[in-house]
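Quick notes on the structure that follows.
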Amino acid sequence: MRDLLRILIAPLIWLAAFSAVYALQGFGCAAGLNEAIFVGMSFLRAMLILAWVLTIATLVGIFYWLERTAPRLPWTSAISRITACVAMVAAIWSLFPVTFTSICN
Amino acid sequence: MNALKRHRLLTRIWASDSGWKRCFTTVSHTDLGRMFLGMAFFYFAVGGVLAMLIRAQLASPDAAFMGPDIYNQVFTMHGTMMMFLFAIPAFEGLAVYLLPKMLGARDLAFPRLTAYGFWCYTFGGFMMLTSMLVGLAPDGGWFMYPPLTGPAASPGVNTDVWLLGVTFVEISAICAAVELCVSILKFRAPGMSLDKMPIFVWYALVTALMILTAFPPLILGSILLELERAIGLPFFDAALGGDSLLWQHLFWLFGHPEVYIIFLPAAGLISTIIPVMSRTSLLGHGWVVASVVALAFLSFGLWVHHMFATGIPHMGVAFFSAASTLVAVPTAVQVFAWIGTMWHGRPQLQMPMLYILGFFATFVIGGLTGVMLAIVPFDWQAHDTAFVTAHLHYVLFGGFVFPVLAGLYYYAPLVTGRRRFFRIGEYAFGLVFIGFHGTFFAMHWVGLLGQRRRIYTYDADTGWELINLISSIGGFVLAIGLAMVLLDLALNAIVAIRGKRNPWRSGTLEWSMMLPPSAYNFASLPRVTSREPLADIPDLPTRLARGEGYLAVPRDGRREMLTVSTTHAHPESLVVYPGNTALPILMAAVTGSFFLSLLFKIYWFTPFAVLAVAALAWRWVWGLGSQTDEEDQEIGFGETVPHAMQTDRSQGWWGSVFLMVADATLFGSLIFGYAFLWTIAPNWPPPQWLAFSVWEPLIGVAGAAVAIIAARQTPRPMQRRSGTTTGMPHLLPTWQSLLGLSALAAAFIGLLLRTPLPTEHAYGAVLCVISAFGLFHALLAILMLVFLVFRIRRGFISSRRRSEVEIVKLWINYAALIGVVCLVLILSPVLFT
Ligand code: HEM
Ligand SMILES: [Cu+2]
């Protein structure tokens with residue numbers, strides 16, 4: 001079971017973060033956080049960018065953990081490395097719009 | 001014991017009933033897999049006939065063949081049948097039939113559940129089929145968008161047929177998914193560690209996990225819409241704080257993964273067939289596994305791309321557009337792995353390969369038009385035109401039907417034990433291929449010229465006439481081709497000569513059995529040491545028949561199987577399966593009466609149906625287990641394992657875990673819906689908030705805590721070999737848990753009674769559903785606890801026989817947890833208002 005989790009964990013984190021950021025955007029707009037200003041940009045955008053960076057940082061942590069600990073089957077490490085890379089690319093690319101698109105319309 | 005004697009003994013133990021009873025009482029995966037496939041292809045034929053009706057109507061302008069009412073029913077039923085009654089059950093049938101054989105097992109984890117799923121599918125399907133015959137079929141399109149399908153615009157029973165029928169059928173998908181997960185992880189031949197599982201098994205595992213997480217949003221949506229239609233809870237009614245976009249979210253949260261749930265098993269077949277047909281092994285095996293996992297996850301982050309035309313903020317569009325472009329990558333990895341494998345090996349152009357080539361040609365085009373539609377401005381142009389219909393058929397037909405036909409030709413020798421003799425198939429393939437492209441290539445074109453989808457007719461001066469005629473002619477060529485495929489398969493199954501074992505010279509275990517397979521699959525279970533056991537040990541079949549494997553000695557007339565550890569597949573416990581029984585069909589019939597009572601609005605009957613289901617469920621589990629402790633059992637190779645009922649983690653425990661995954665996803669979707677309505681829906685705040693009271697949270701949380709703590713008190717199992725003490729466990733903690741859960745249930749009843757105006761605003765309606773959800777789980781756990789009390793009293797539980805205790809404990813914890821979250825969801829927002 002542990003080995004299976006090693007394969008699934010990184011994409012799972014991407015999916016959770018992706019949904020959370022989408023939810024944050026929805027809630028933020030509803031709560032009017034887009035109008036508040038924080039260091040020259042909208043407060044909501046600052047939060048979204050923070051969430052994006054946190055996601056990437058978490059995935060870096062996962063990557064580190066996967067490399068440092070050994071799976072039960074050596075075979076798993078190759079697979080989990082690929083899925084972790086996929087999750088990383090997905091996190092960077094799919095959430096990248098937080099930096100530039102208009103948020104609430 | 002010689003091979004023949006072993007065969008006779010095992011056959012007597014494992015055989016299904018003979019005669020007419022067989023199909024009603026069988027629990028054999030071989031039988032049920034065939035029944036699933038047969039039924040799925042029956043619906044493929046019905047759906048195909050409907051498609052022919054559509055094409056006949058559209059062949060000429062101003063056609064008078066069907067009026068708009070009938071046309072709506074026909075295309076809705078075509079889409080619904082193809083998706084829910086053909087594609088998903090065809091996967092289930094394939095998996096149910098093949099997996100134990102590939103895994104070196106004698107059956108799936110829960111044989112009676114397989115049968116129950118099959119009967120739910122059958123009855124639910126008949127329900128929908130009947131509605132069509134009497135002219136009351138669903139007519140809101142296969143994705144059933146409200147407000148068109150809401151109570152005001154569709155007052156008739158048509159929509160209810162869809163909501164209830166599809167939900168009924170989905171029970172079978174959930175059953176199959178739970179079953180496949182547990183079977184793949186625990187019911188393998190010893191030694192088949194995760195890295196040695198055949199590639200199709202990986203696809204099936206990922207697909208099953210996707211079913212568990214993709215179907216719940218749809219089931220929730222169907223429940224909510226049915227509640228709106230039946231008792232007026234306004235979830236999708238914008239005037240009353242609902243939002244019809246909520247349906248679109250819930251539907252596509254299911255609908256996009258659904259596309260991959262359909263595609264992945266087909267891709268699994270391709271990954272299985274290509275290496276064998278090319279006399280080599282799959283190139284980049286690890287990459288393929290990783291890309292299947294990646295594809296599954298990515299497909300859950302795409303759903304909003306079906307809603308680009310609904311006016312959501314740019315950022316949302318950008319997220320989902322970006323994620324949509326990503327899925328192309330793992331798909332491409334697989335395509336390259338397949339091409340590389342063929343390049344590497346020596347491909348032979350047999351029937352299965354022909355269909356795989358057909359797949360390549362078609363699917364690549366479908367992928368390209370998909371990328372076109374992922375570009376938002378293009379989507380705004382092509383949305384709701386025949387272009388989309390053409391795209392989706394390139395993907396679905398190319399990505400599912402072609403590979404499945406390849407799979408049928410590939411596995412026909414295994415299923416029937418015969419060698420192909422009549423050569424109608426090659427011509428049939430030609431007709432299918434030409435017919436398909438004729439039909440749908442034309443539809444791209446006419447879609448770009450502006451023909452909308454779902455129109456029942458069009459004028460003569462649109463310039464679409466000739467293209468539509470070509471498309472319809474293509475459709476009929478396709479239909480003739482498909483009929484010839486079925487004829488070919490049927491003829492060869494019935495009259496062709498007997499074939500020899502392993503005709504394609506594959507290396508995986510399913511080819512190591514007798515043809516056609518015996519009732520018990522393997523006379524003794526192989527000890528697996530590589531990914532292609534049959535290639536390493538060519539005389540494996542004779543060795544297994546001679547008993548040179550695990551469980552070689554039939555014992556006490558019991559159907560025996562091993563469970564193994566998840567990663568390394570070390571033997572863990574001995575499972576004794578239940579025998580043939582009519583309980584599954586009975587249970588499905590009673591479940592059906594529940595759905596029928598809702599359909600015909602005979603609500604006084606519904607509680608009785610629920611009680612009957614509970615009573616049968618009680619019967620179902622009561623028959624398992626034993627009243628005496630059993631010694632650890634010899635399984636061969638000098639190893640012994642405990643009986644599964646004497647372990648903490650029995651197959652029932654694992655099944656519960658996977659069922660909870662599905663249940664928690666449904667709960668998550670409900671929370672999403674609540675938040676969505678609260679923040680996005682118009683006409684909030686509601687006219688009245690729930691008044692806060694300390695009693696419900698106090699009683700509820702205290703009850704949940706008592707239940708969990710008391711459940712922990714049930715004694716830990718004694719060490720395995722510590723003697724034969726069989727003291728009956730204490731009942732006190734059980735009563736305490738029961739009390740706690742009752743308090744939790746009472747809190748929810750209190751909340752339900754106090755919820756303000758559920759029919760006047762979506763707020764109250766959602767609160768009702770959340771309370772009911774918490775109440776349902778508390779009651780479920782209570783039922784299990786009462787069951788446990790009776791089991792303890794009757795001596796089914798001892799300090800060694802404690803698997804049931806562990807299962808009930810799991811459910812108590814889960815119900816308590818769900819209950820507390822429900823309370824927080826209901827009450828915490830009230831504090832801020
Ligand atoms: C046997 C050959 C098939 C033909 C000739 C065919 C033809 C058609 C046509 C013409 C439509 C458009 C109806 C309209 O918009 O007015 C349609 C819709 C559809 N088809 Fe097929 N189809 C075939 C097979 C399949 C298969 C195998 C699947 C799925 C596995 C499928 C799934 C669908 C779906 C989901 C729709 C949309 C229904 C809706 O708009 O609600 N079809 N089909
Ligand atoms: Cu999609």
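Key figures for this structure:
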{"read-out": "Residues that are of a type in the set (G, A, S), open to solvent by 10 Å² or more (accessible area, probe 1.4 Å) and within 25 Å of B:C23 (Cβ to Cβ), drawn from the range B:552-591", "value": "B:G557, B:G579, B:A582, B:A589"}
{"read-out": "Filter result for B:M1 (assigned to a loop (DSSP other than H, G, I, E, B), open to solvent by 30 Å² or more (accessible area, probe 1.4 Å) and in contact (Cβ under 8 Å) with a residue 12 or more places away in the chain)", "value": "yes"}
{"read-out": "Residue among B:A328, B:A290 that alone is within 14 Å of another protein chain (Cβ to nearest Cβ) and open to solvent by less than 10 Å² (accessible area, probe 1.4 Å)", "value": "B:A290"}
{"read-out": "The range B:115-146, subset among the hydroxyl-bearing types (S, T, Y), away from ligand 1 (no atom under 16 Å from the Cβ) and open to solvent by 20 Å² or more (accessible area, probe 1.4 Å), residue farthest from the other protein chains (Cβ to nearest Cβ)", "value": "B:T130"}
{"read-out": "Among residues of the range B:152-188, those that are in contact with a Leu (Cβ under 9 Å, 6 or more places away or on another chain), of a type in the set (G, A, S) and surrounded by fewer than 24 Cβ atoms within 10 Å (Cβ to Cβ), counted", "value": "2"}
{"read-out": "Residue that is modelled with the lowest pLDDT, among those in the range B:195-208 that are over 14 Å from B:M102 (Cβ atoms) and within 12 Å of chain A (Cβ to nearest Cβ)", "value": "B:D195"}
{"read-out": "Only listed residue being of a type outside the set (S, T, Y) and closer than 30 Å to B:D488 by Cβ, chosen from B:F400, B:F387, B:F378", "value": "B:F400"}
{"read-out": "Residue among B:L233, B:L295, B:L253 that alone is open to solvent by 10 Å² or more (accessible area, probe 1.4 Å), within 25 Å of the chain's Cα centre (by Cα) and away from ligand 1 (no atom under 16 Å from the Cβ)", "value": "B:L253"}
{"read-out": "Strands (runs of 3 or more DSSP E) within the range B:564-681 that include 3 or more residues out of contact with any Pro (no Cβ under 7 Å at 6 or more places or on another chain)", "value": "B:571-577, B:633-636"}
{"read-out": "Qualifying positions in the range B:422-464 - within 11 Å of ligand 1 (Cβ to nearest atom) and of a type in the set (V, I, T)", "value": "B:V432, B:T439, B:V446, B:I455, B:T457"}
{"read-out": "Residue count for the range B:417-450, restricted to those that are open to solvent by 40 Å² or more (accessible area, probe 1.4 Å) and in a helix (DSSP H, G or I)", "value": "8"}
{"read-out": "Residue in the range B:694-714 that is surrounded by fewer than 14 Cβ atoms within 10 Å (Cβ to Cβ), of a type outside the set (G, A, S) and assigned to a loop (DSSP other than H, G, I, E, B) present", "value": "yes"}
{"read-out": "Test: residue in the range B:396-416 that is open to solvent by 30 Å² or more (accessible area, probe 1.4 Å), away from every other protein chain (no Cβ under 14 Å) and within 11 Å of ligand 1 (Cβ to nearest atom)", "value": "yes"}
{"read-out": "Qualifying residue in the range A:30-41 (condition: in a helix (DSSP H, G or I), over 27 Å from B:H285 (Cβ atoms), without any contact (Cβ under 8 Å) to a residue 40 or more places away in the chain and at the interface with chain B (Cβ under 8 Å from one of its Cβ atoms))", "value": "yes"}
{"read-out": "Inter-residue pairs, beta-carbon under 8 Å, first farther than 14 Å from B:A208 by Cβ and of a type in the set (V, I, T) and in the range B:257-268, second more than 14 Å from ligand 1 (Cβ to nearest atom) and in a helix (DSSP H, G or I), 6+ apart", "value": "B:V259/B:S299"}
{"read-out": "Positions within the range B:245-255 being within 9 Å of ligand 2 (Cβ to nearest atom) and either more than 17 Å from B:L295 (Cβ to Cβ) or hydrophobic (A, V, I, L, M, F, W, C) (or both), in sequence order", "value": "B:W252"}
{"read-out": "Output for the range A:57-87, where each listed residue is more than 8 Å from chain B (Cβ to nearest Cβ), open to solvent by 40 Å² or more (accessible area, probe 1.4 Å), of a type in the set (A, V, I, L, M, F, W, C) and assigned to a helix (DSSP H, G or I)", "value": "A:A57, A:V60, A:F63, A:W65, A:C85"}
{"read-out": "Residue check for B:P403: touching a residue at least 40 places away in the same chain (Cβ under 8 Å) and either more than 30 Å from the chain's Cα centre (by Cα) or in a helix (DSSP H, G or I) (or both)", "value": "yes"}
{"read-out": "Enumeration of residues in the range B:539-563 that are more than 25 Å from the chain's Cα centre (by Cα) and in a strand (DSSP E or B)", "value": "B:Y550, B:R559, B:E560"}
{"read-out": "Residue pairs meeting the criteria (Cβ under 8 Å; at least 6 apart or on separate chains; first farther than 18 Å from B:V694 by Cβ and modelled with pLDDT under 95, in the range B:729-746; second open to solvent by less than 30 Å² (accessible area, probe 1.4 Å) and part of a loop (DSSP other than H, G, I, E, B))", "value": "B:P729/B:T714; B:P729/B:I797; B:P729/B:S798; B:P729/B:S799; B:P729/B:R802; B:H730/B:T714; B:P733/B:T714; B:T734/B:T714"}
{"read-out": "Matching residues, the range B:367-395, being assigned to a helix (DSSP H, G or I) and either in contact with a Lys or Arg (Cβ under 7 Å, 6 or more places away or on another chain) or surrounded by 23 or more Cβ atoms within 10 Å (Cβ to Cβ) (or both)", "value": "B:A386, B:F387, B:V388, B:T389, B:A390, B:H391, B:Y394"}
{"read-out": "In the range A:88-103, the residues that are more than 7 Å from chain B (Cβ to nearest Cβ) and not in a helix (DSSP H, G or I)", "value": "A:F100"}
{"read-out": "Residue count for the range B:298-322, restricted to those that are without any contact (Cβ under 8 Å) to a residue 24 or more places away in the chain, more than 7 Å from chain A (Cβ to nearest Cβ) and open to solvent by 10 Å² or more (accessible area, probe 1.4 Å)", "value": "2"}
{"read-out": "Candidate set: the range B:256-280, residues that are more than 14 Å from chain A (Cβ to nearest Cβ) and within 16 Å of ligand 2 (Cβ to nearest atom); chosen: the one most open to solvent (accessible area, probe 1.4 Å)", "value": "B:V259"}
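One line per residue, one yes/no per condition, for (1) open to solvent by 50 Å² or more (accessible area, probe 1.4 Å); (2) more than 14 Å from ligand 1 (Cβ to nearest atom); (3) within 14 Å of chain A (Cβ to nearest Cβ):
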site: B:T25; (1), (2), (3): no, yes, no
site: B:F44; (1), (2), (3): no, no, no
site: B:D62; (1), (2), (3): yes, yes, no
site: B:M66; (1), (2), (3): no, no, no
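The values are calculated or read from the model by the stated rules, or taken from the named source; none is laboratory data. Every value quoted in this text rests on a predicted model; they were computed, and no experiment measured them. Cβ sites come from the backbone with ideal geometry, for glycine too, and all protein chains shown count toward neighbours. For accessibility, only protein heavy atoms count, side chains too; no ligands or nucleic acids. Shrake-Rupley method; radii C 1.70, N 1.55, O 1.52, S 1.80 Å.
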